[in-house]
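S.K.: Quick one: this structure, given as structure tokens, is what I'll be asking you about.
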């Protein structure tokens, strides 16, 4: 069940009055506020481009997502192997 769109989630996070709440949320994902904010905005934009059947290749993202300065060891982890081939991980994003 969809409760919030990426756009709504990004806007709510961006407009939180208490910076401590933003930090707490970012900490849950093991990142900083600005990094999480940039990824939420980019995911929202990419989702909208794809959902409205527009092209994504050769498109300027405007605000590109920021990369962490110090990447954790598991930054690029091995993909999850799903035993049941009927489950499509890309639909769970």
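Where a number appears in this text, it was derived from the coordinates with a stated rule and is not lab data. All values reported here derive from a predicted model rather than from experimental measurement. Cβ: placed from backbone, ideal geometry, glycine included. Neighbour counts: every protein chain shown.
S.K.: Just order 10-16, 40-46 by mean Cβ neighbour count inside 10 Å, highest at the front, would you?
M.R.: The packing order, highest mean first, is 40-46, 10-16.
S.K.: Continuing with the same structure: For residue 25 and residue 48, calculate 0.36 nm times their separation in residues minus their Cα-Cα distance, and state this gained length in nm to one decimal.
M.R.: 5.9 nm
S.K.: What share of Cα pairs, in percent, lie more than 13 angstrom apart in the range 1-57?
M.R.: The proportion of pairs with Cα distances above 13 Å equals 63 percent.
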